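The values are calculated or read from the model by the stated rules, or taken from the named source; none is laboratory data. Only a predicted model underlies this, so the values are computations on that prediction, with no experimental measurement involved. Virtual Cβ from ideal backbone geometry, glycine too; neighbours counted across all protein chains shown.
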Amino acid sequence: MISVAIDGPAGAGKSTLSRKVAAELGFIYVDTGALYRAVGLKFIDKGANTELNVDIDSILAETKVDIRFCEGEQRVFLDGEDVSDKIRTPEVSMMASAVSAKPAVRAYLLEMQRKLARENNVIMDGRDIGTVVLPNATVKIFLTASAEDRSRRRYEELILKNQNVTYKEVYDDMVKRDYNDSHRDIAPLKPAEDSVIADTTGFEFQESLELLLSIIREKAEI
Ligand code: DC
């Protein structure tokens, strides 16, 4: 099986690009952030705030997250409910970042991610795919762009979805999440030693796509 690990900060375009690359190569695209978001949503439903002053283990014990593929599209289920759309709010983003710093949460989601890569040709995106989840991935890419570029793209995405946000809010959230994700003790966001860094600051979508495809084709010899 071929596995492509794409890691990088929020808003780097990982999911949009990975989805396209997967379609192009006939691979399954696995968005691991959605798993953390589903867990985050559960904690919100349980009344937790981002300080997480709750019994994490007992909430996880009654949480069931799984993913299914409908016509190649990943859908995420929380306790049997399709929450794929509900998890795309700034509130869930922040909570996903908070829960993802907890070792129990990372352990809870780890095997599910590895199993998908054992059984399928995958392109998997997240923060720790090349460093922790798939240390033997065929290709590892660290996809990044400036915080301004990433915030602008995320802002435009949220506006298209009719979310009521300002650019400043998105930028401030982005900087905060970058900090959280790269300073946590467990599986912090950082490039794997054997990853290729792809910086798409100032790139159009098509240029970024071509860059990723050329890295993958060269490294995976496909
Ligand atoms: O990629 P995203 O914005 O949907 O991710 C949501 C949060 O989940 C992000 O703040 C960090 C966390 N995450 C993680 O810690 N590890 C992953 N493999 C994917 C996401």
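Just so you know, in the range 19-61 the residues that are outside any helix (DSSP H, G or I) and under 17 Å from M112 (Cβ atoms) include one that is nearest to the ligand (Cβ to nearest atom), and it is T32.
For the range 119-134, give me each residue that is charged (D, E, K, R) and near the ligand (Cβ under 8 Å from one of its atoms).
First, pick out the residues of the range 119-134 that are charged (D, E, K, R): 119, 125, 127-128.
Within the range 119-134, D125, R127, D128 meet the criteria.
In this entry, G40 passes the filter for residues that are surrounded by 21 or more Cβ atoms within 10 Å (Cβ to Cβ), closer than 18 Å to S100 by Cα and out of contact with any Leu (no Cβ under 9 Å at 6 or more places or on another chain).
Can we say L116 is more than 12 Å from the ligand (Cβ to nearest atom) and touching a residue at least 60 places away in the same chain (Cβ under 8 Å)? Considered against the rule, which asks whether it is more than 12 Å from the ligand (Cβ to nearest atom) and touching a residue at least 60 places away in the same chain (Cβ under 8 Å), L116 comes out as yes.
Out of E148, E157, which single residue is within 14 Å of the ligand (Cβ to nearest atom) and without any contact (Cβ under 8 Å) to a residue 60 or more places away in the chain?
Values: E148 fails: within 14 Å of the ligand (Cβ to nearest atom).
Being within 14 Å of the ligand (Cβ to nearest atom) and without any contact (Cβ under 8 Å) to a residue 60 or more places away in the chain holds for just one of E148, E157, which is E157.
Every test in (1) touching a helix residue (DSSP H, G or I) at 6+ places or on another chain (Cβ under 9 Å); (2) under 16 Å from T32 (Cβ atoms); (3) assigned to a helix (DSSP H, G or I) is passed by Y155 save one, and that test is (2). Being in contact with a helix residue (DSSP H, G or I) (Cβ under 8 Å, 6 or more places away or on another chain) and basic (K, R) is a description that applies to R37.
When the range 126-177 is filtered for residues that are modelled with pLDDT of 95 or more, surrounded by fewer than 18 Cβ atoms within 10 Å (Cβ to Cβ) and polar (S, T, N, Q), the ones remaining, listed by number, are N136, S146, T166.
Each residue in the range 85-113 was checked for being in a helix (DSSP H, G or I), more than 12 Å from the ligand (Cβ to nearest atom) and free of Cβ contacts under 8 Å to residues at least 40 places away in the same chain, and 2 pass.
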